[in-house]
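All remarks here apply to the structure that follows.
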Amino acid sequence: MSTGHQSVVVGTGQLEQERNEAFSLLGKLVLENYAANRRSYGASLKPELRRRTFDGFDERRLQFASFRRFLEAAKDADVIALHEPPKGPDLEATPPGKPSLAHTSPAAKPIAEDATAPPPRKRIRHDLWKAFVDWDARWRRVYDQEQGTAVRFPAHPAPLERPESESLRRLVRDQPDRFIDIDPILFGRQLEWMQDFTQTVSDPGARSALNSALSDDRPVRAFSQELQANPQLRHQWNATKLAHVEGAIRQWAEGSGLKLEIHEPAPVRGRGAARKADYSGQEVQAQRSVEQLHSLRSLLHVAIDRMPEAELLQIRLPVEYLVRP
């Protein structure tokens, strides 16, 4: 099964230069994390290296069999130090000569919480998550610059499809400058993330189980089921996947010339607060999705365009909608 990588042969001099550049970037990243009292776990380092190099980093191009081997080589070169965690499967990297933050952090969590998990990340906006992570090729995904949301609809007319799907399809066709196409993160790339994550797992039993799951006929399902039995590993994988997805969305936004907030706003406590979404694969339905709201607006636009003047004059609107700039 293809993972999207191409083999590239590099000369000895070029290989040494690229390895030194990769080691330098890794050392800088680990130092930044350590100064901010953030732990540098192997599972979170690789996606950040790829993000900072616009997906250019690849340990196999540098002729390392796995990301773990790359980290060990960086340790041998005295770029970083590596520490086995007190519990959990992943390695922690620190600047040379510095102790593990898992043992020294004054902000350590109570034992009841997962002390080995990477720092929590902000949730990615639901509309962006669905547009990028669901790789089903039957959907077309676009970013509506006027509404500031990502929406998706069947790429081709389908039996029994919702009426708003055709409205969106027509709107995108009639106003192409308003929309920017979104290419989803394909299955092969997401499978590669799982393979790379598995390489960073230091526990031989857990690593073997994940490798076995990835060789299943339905690797994503088997991988997820395997993680259910290991909450600490699942926690680390979720953080790793979020980092990958965030990097992909930021790269798309920069390439599209967009400046947008990709995270959900901080949750509002109290009555009426929106329910949280579980990005491990089972979203909890919100009270009103951004996509449904956009579809409703599109339907109203189409209906108004079809109305004769007499019916338009009967529409009742609050004055503020007529005078608001």
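A short reminder: the numbers here are calculations on the coordinates, not readings from a lab. It should be emphasised that the depicted structure is a prediction, and the values quoted were computed from it without experimental measurement. Methodologically, a virtual Cβ is constructed for each residue, glycine included, from the backbone with ideal geometry; neighbour enumeration extends over all protein chains shown.
Can you run the Rg to Rh ratio on region 12-102? Use alpha carbon positions and the Kirkwood inverse-distance Rh.
Details: Rg = 12.5 Å, Rh = 13.2 Å.
That ratio equals 0.95.
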> How high is the relative contact order of region 12-102, in percent, counting Cα pairs under 8 Å that sit 6 or more residues apart?
Replying inline: 32 percent
> Suppose R0 equals 35 Å; then what is the FRET efficiency for S208 and E264 from their Cβ-Cβ distance, rounded to the nearest 0.05?
Replying inline: 0.45
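Rank the residues T198, T149 as a footprinting-exposure proxy: fewest other Cβ atoms within 10 Å of their Cβ go first.
Values: T198 24, T149 21.
By the 10 Å Cβ count, ascending, the order reads T149, T198.
Pairs K28/K259; K98/K241; K98/K122; K75/K130; K46/K259: which exceed 31 Å Cα-Cα?
On the way: K28/K259 26 Å; K98/K241 28 Å; K98/K122 28 Å; K75/K130 39 Å; K46/K259 25 Å.
Going by Cα-Cα distance, K75/K130 fall outside the 31 Å limit.
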> What residues from region 14-52 fall in the zone where the backbone N is under 12 Å from a label point 7 Å along the Cα-to-C-beta line of Q63?
Replying inline: 14-19
> At q = 0.24, 0.27, 0.30 Å⁻¹, what base-10 log of I(q)/I(0) does the Debye formula yield for region 165-214 when every alpha carbon is treated as an equal point scatterer in vacuo?
Replying inline: -0.88, -0.97, -1.04
> Across region 169-174, in residue order, what do the Karplus-derived ³J(HN,Hα) couplings come to in whole Hz, using 6.51 cos²θ - 1.76 cosθ + 1.60 with θ = phi - 60° and x for Gly and Pro?
Replying inline: 4, 5, 5, 5, 5, 7
